[in-house]
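A short reminder: the numbers here are calculations on the coordinates, not readings from a lab. No experiment lies behind these values; they were computed from the predicted model shown. Positions of Cβ are generated from backbone atoms using ideal geometry, with glycine treated the same way; all protein chains shown enter the neighbour counts.
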Amino acid sequence: MAKKAASDNPMRLLRKKLGMNQVEFWARVGVTQSGGSRYETGRNLSRPIELLVALVYGKNGESLLTKLRRNAHA
């Protein structure tokens, strides 16, 4: 399975849409710029980071609620 191009990465696209640089965007969820850069270039987002991004930026708000409910019943 081929990796997605960095330009297609959803985190990078969201960051660009918000007009933020990597330091600004990733600092709000407690990730360093270098860590954020790795996420934007192919490293898989961990579940906690994915949830923090959803909380901070409202990304996929409905699916976040679904994930939280699923975890509550697990």
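Search the range 23-39 for residues being more than 19 Å from residue 58 (Cβ to Cβ) and out of contact with any Phe, Trp or Tyr (no Cβ under 8 Å at 6 or more places or on another chain), and hand back the single one that is surrounded by the fewest Cβ atoms within 10 Å (Cβ to Cβ).
Initially, the range 23-39 is screened for residues more than 19 Å from residue 58 (Cβ to Cβ), giving 23, 32-35, 37-38.
Imposing the further condition that a residue be out of contact with any Phe, Trp or Tyr (no Cβ under 8 Å at 6 or more places or on another chain) reduces the set to 23, 34, 37-38.
Details: 23: 11, 34: 9, 37: 15, 38: 13.
Of everything passing the filter in the range 23-39, 34 is surrounded by the fewest Cβ atoms within 10 Å (Cβ to Cβ).
Output the residues belonging to the range 40-60 that are surrounded by 15 or more Cβ atoms within 10 Å (Cβ to Cβ) and either part of a helix (DSSP H, G or I) or of a type in the set (Asp, Glu) (or both).
40, 49, 50, 51, 52, 53, 54, 57
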